[in-house]
Amino acid sequence: MPSCIIIEDEPLAIEKLVNYISKLPFLNLSKTFSSGIEAIGFLKTNMVDLIFLDIEMKELTGIQLLESISIKSKIIITSAYEKYAIKGYELQVSDYLLKPITFERFVKACDKVNKELFWDENCKSETKIFIKTEYRLEGIEISTILYIEGMGDYRRVVAEKQKIMTLQTFKELLSMLPHNKFFRVHNSYAVAIDKIDKIERNRIKIGD
């Protein structure tokens with residue numbers, strides 16, 4: 001599931017975006033920031049798929065943020081002013097939303113980004129990932145993974161012919177996997193969509 005953050009200095013605007021995001025099942029909100037400087041520290045050590053970015057903020061504007069560090073995330077600008085649109089597209093943002101933002105327009109922008117992310121994933125050629133376990137990295141074929149289970153501080157990656165215990169988080173593991181093939185269905189479970197045999201009420205059946 002694509003992860004996103006909000007960088008916005010208006011509490012009411014943050015509240016509206018959080019509400020909108022909560023209605024979209026294909027987006028996972030990781031964090032919100034009320035200043036660009038605060039967000040830079042986070043982005044230097046964390047990767048997210050999408051950033052909702054305000055332009056006119058104190059200390060550091062959204063444009064200055066984009067120009068100050070290298071960001072691979074998709075960007076949707078949220079602004080009350082049209083005058084920054086051209087500059088935004090020069091910086092290759094995915095979309096530009098004018099406040100007040102309607103839910104319909106918001107969904108359209110997010111759907112566009114979601115398709116871009118899936119296109120990026122489908123272009124990837126990786127068939128194997130390496131998972132940290134004990135003092136080594138253990139390789140596992142992505143196509144064999146059935147599900148990932150949370151077990152206290154550990155995650156257990158269950159594949160067709162192997163099981164790997166790791167301290168890596170769901171976020172770290174899912175960032176290595178194709179977003180359109182794995183879905184976190186519960187706080188303690190993420191599943192390979194193509195391995196699901198049956199969904200009945202609140203139960204998912206995968207093999208045995």
- line: Of the residues in segment 5-29 that are part of a loop (DSSP other than H, G, I, E, B) and not hydrophobic (A, V, I, L, M, F, W, C), the one that is modelled with the lowest pLDDT is PRO25
task: Looking only at segment 90-105, count how many residues are touching a strand residue (DSSP E or B) at 6+ places or on another chain (Cβ under 7 Å) and either open to solvent by 100 Å² or more (accessible area, probe 1.4 Å) or not β-branched (Val, Ile, Thr) (or both).
output: 7
- prompt: If we keep just the residues of segment 19-39 that are polar (S, T, N, Q) and touching a residue at least 12 places away in the same chain (Cβ under 8 Å), which is least open to solvent (accessible area, probe 1.4 Å)?
  reply: SER35
message: Looking only at residues that are of a type in the set (D, E, K, R) and either within 17 Å of ILE140 (Cβ to Cβ) or assigned to a helix (DSSP H, G or I) (or both) in segment 166-195, which one is least open to solvent (accessible area, probe 1.4 Å)?
response: LYS195
- line: Reported set for segment 51-80 where residues are closer than 17 Å to LEU98 by Cα and out of contact with any strand residue (DSSP E or B) (no Cβ under 8 Å at 6 or more places or on another chain) is THR61, ILE63
message: Need the failing condition index for ASP208 against (1) assigned to a loop (DSSP other than H, G, I, E, B); (2) surrounded by 18 or more Cβ atoms within 10 Å (Cβ to Cβ), just the number.
response: (2)
Residues located in segment 30-50, provided they are in a strand (DSSP E or B) and more than 20 Å from PRO100 (Cβ to Cβ): SER30, LYS31, PHE33, LEU50
Hits in segment 135-157 - residues which are within 16 Å of GLU172 (Cβ to Cβ) and open to solvent by 100 Å² or more (accessible area, probe 1.4 Å): LEU137, ASP153, TYR154
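In segment 196-205, is there at least one residue being open to solvent by less than 50 Å² (accessible area, probe 1.4 Å) and either in contact with a helix residue (DSSP H, G or I) (Cβ under 9 Å, 6 or more places away or on another chain) or in contact (Cβ under 8 Å) with a residue 24 or more places away in the chain (or both)?
Within segment 196-205 (the criterion being open to solvent by less than 50 Å² (accessible area, probe 1.4 Å) and either in contact with a helix residue (DSSP H, G or I) (Cβ under 9 Å, 6 or more places away or on another chain) or in contact (Cβ under 8 Å) with a residue 24 or more places away in the chain (or both)), the answer is no, since none of the residues qualifies.
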query: Of everything in segment 1-19 that's acidic (Asp, Glu) and touching a strand residue (DSSP E or B) at 6+ places or on another chain (Cβ under 8 Å), which residue is farthest from GLN64 (Cα to Cα)?
result: GLU10
statement: For segment 82-93, pairs from a residue that is in contact (Cβ under 8 Å) with a residue 12 or more places away in the chain to a residue that is in a helix (DSSP H, G or I), with Cβ under 7 Å and 6 or more apart or across chains, are TYR84/ILE63; LYS87/ILE63; LEU91/LEU66
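The values are calculated or read from the model by the stated rules, or taken from the named source; none is laboratory data. What you see is a predicted model, and the numbers here were worked out from it, not measured in a lab. Here the Cβ is made from the backbone with ideal geometry for all residues, glycine too, and neighbour counts use every protein chain on show. These accessible areas exclude ligands, DNA and RNA; they are computed on the full protein's heavy atoms, side chains included. Shrake-Rupley method; radii C 1.70, N 1.55, O 1.52, S 1.80 Å.
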